[in-house]
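Data block below; observations after.
The values are calculated or read from the model by the stated rules, or taken from the named source; none is laboratory data. Not measured: the values here are computed from a predicted model. Glycine also receives a Cβ, built like all others from the backbone with ideal geometry; neighbour counts cover every protein chain displayed. Areas reflect the complete protein model, heavy atoms only, side chains present, ligands, DNA and RNA absent. Shrake-Rupley method; radii C 1.70, N 1.55, O 1.52, S 1.80 Å.
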Amino acid sequence: EDPSSSSSTQNSVVPELPGFYYDSEKNRYFRLLPGHNNYNPLTKDSIQHKAMECQRLRLLEEEEKQKQKTARAGLNSSVLLQKRQLGLLSSTSYCRLVHELKVNCMQRRKIEIHSPDSSVTGTNNFKIIVADVACERIFTVNDVEHGGCKYGIINLSGLGKESLTVEMYDNLYFTNRKVNSVCWASLTHPDSHLCLMGIAETPGCASLLPASLFSSTNPGDRPGMLCSFKISTAWSCAWCLNPQADNCFSTGLTRRVLVTNVVTGHRQTFGTSSDVLAQQFATQTPVLYNGCRSGEIFSIDVRQRSRKGQSWKATRLFHGSAVTSIHLMEAEHYLMAADMAGKIKLWDLRTAKCVKQYKGHHNEYAILPLHVNEEEGLLTAVGQDCYTRIWSLQDAHLLRTIPSPHPSSKDAIPSVVFSSRLGGSRGVPGLLMAVKQDLYHFSYS
């Protein structure tokens with residue numbers, strides 16, 4: 001059962017009275033007050049928050065008691081192997097059920113974070129974590145008390161089955177901007193730089209920073225910022241790996257898309273009818289996919305020159321709400337998209353039709369990312385209710401709902417990374433979860 005929708009099931013037999021709340025423990029009705037009231041906190045929001053917190057604590061307690069938790073009865077590795085050997089399970093079904101078993105057996109363990117500057121370790125809340133392609137490093141954006149953000153890189157090489165320690169390197173120079181979006185960029189070598197879309201005051205700013213800024217070497221030897229320019233409010237960014245649009249990154253702005261070549265400085269502008277909240281480049285072709293606040297998803301071939309109007313739009317898909325995240329699948333025939341209505345859909349780009357929906361995600365207004373791991377056949381997303389949900393890519397079955405270790409709030413939505421190789425080619429598989437000032441590892445093996 002979805003934790004976010006089960007707060008009032010026990011009171012379903014009690015008639016609802018407008019303006020009143022029924023307390024099952026005291027067996028009586030209480031009057032609800034509109035909005036928030038410091039003298040009588042019995043409001044609809046407080047009741048809902050209390051119910052969600054009770055549900056979260058109950059789920060955490062269940063996870064502590066039940067180490068080998070499965071979503072389906074009779075699901076264990078020995079039974080699955082026996083059925084596979086007897087020919088009762090196809091290889092595809094066997095792999096899917098094994099991954100489902102692994103997901104439901106993941107246990108949370110806290111990671112110890114070390115930093116050369118001990119004064120900054122664990123003092124700021126994690127806002128965003130983004131892994132590089134090899135999952136050897138995690139770029140972090142942390143909120144600071146006086147406003148703006150602090151950036152850092154976590155090296156995952158020390159993340160092992162026995163030892164759960166990581167090294168975090170901060171760069172305290174860039175602390176004045178609020179970051180909306182981050183992506184890794186491969187300029188001089190794979191994942192050598194970082195694209196940051198941020199807001200200083202007004203207007204915003206787009207920056208391309210060398211990843212070597214965040215290292216333990218002598219600060220005097222570190223290179224400076226490669227590219228930085230002022231823009232209107234930035235919502236998203238993406239780096240292009242296709243050779244036909246080499247050294248280019250895109251910025252999703254208010255009612256336009258800006259594609260910049262960081263070597264030549266050449267820029268292309270494409271006007272849109274809505275804010276661009278999500279972006280991703282295809283790898284096989286120089287095509288950029290965009291998700292908009294209007295619910296539209298469209299593609300741009302960046303080889304063409306900028307045109308007036310909307311004639312340059314190629315593939316066009318439509319959601320009923322603002323699109324907050326898109327992910328192009330490996331074969332580039334399918335695209336996964338999530339919106340502010342909590343809908344997650346898998347689109348076939350060849351027919352422009354939705355072929356699957358992944359139910360249970362919760363979102364109303366936040367820009368939340370999707371995490372797709374095709375190797376393991378899993379889809380991961382964190383909801384606005386602070387629950388991390390994992391689905392099977394193949395049959396869209398909800399495999400697990402993970403409660404947050406901290407009480408749910410707007411500033412405590414977890415940021416996650418899922419990989420088969422956390423720490424490099426010989427790394428450990430699992431889920432990384434950053435929430436508040438803490439970093440957790442869920443072992444997947």
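Principal axis analysis of the Cα atoms in segment 379-445 yields extents of 35, 31, 13 Å, listed in decreasing size. Pairwise Cα separations in segment 337-437 fall into 10 Å bins from 0 onward with the following percentages, short to long: 15, 45, 31, 9, 0. Once neighbouring chains are kept in place and the probe is 1.4 Å, which whole percent of the accessible area of segment 332-405 is contributed by carbon and sulfur? Solvent-exposed carbon and sulfur of segment 332-405 make up 49 percent of the total. Here the spin labels are modelled as points 7 Å beyond Cα on the Cα-Cβ line, and at T264 and S46 they lie 6.3 nm apart.
Stretching C354 away from C54 to a fully extended chain increases their span by 104.4 nm, per 0.36 nm per residue minus the current alpha-carbon distance. In this simple spin-label approximation, Q304 and Q284 carry label points 7 Å from Cα along the Cα→Cβ vector, and these lie 2.0 nm apart. Using the average count of surrounding beta-carbon atoms within 10 Å as a protection proxy, the listed peptides 21-28, 126-133 rank, highest first, as 126-133, 21-28. Accessible area per residue for segment 367-426, computed on protein heavy atoms with a 1.4 Å probe, is 33 Å². Volume of the convex hull of segment 242-315 (Cα atoms only), normalised per residue: 79 Å³.
In square angstrom, what is the accessible area per residue of segment 258-325 with a 1.4 angstrom probe?
42 Å²
The 3J(HN,Hα) values that the Karplus relation (6.51, -1.76, 1.60; θ = phi - 60°) gives for segment 368-373 are, in residue order, 10, x, 9, 10, 10, 10 Hz. Gly and Pro appear as x. For segment 250-371, a Kirkwood radius taken over Cα pairs fed into Stokes-Einstein (25 °C, viscosity 0.890 mPa s) yields D = 168 µm²/s. Taking amide H as placed 1.01 Å from N in the peptide plane, the amide H of I128 sits under 5 Å from that of V141, each at least 5 places away or on another chain.
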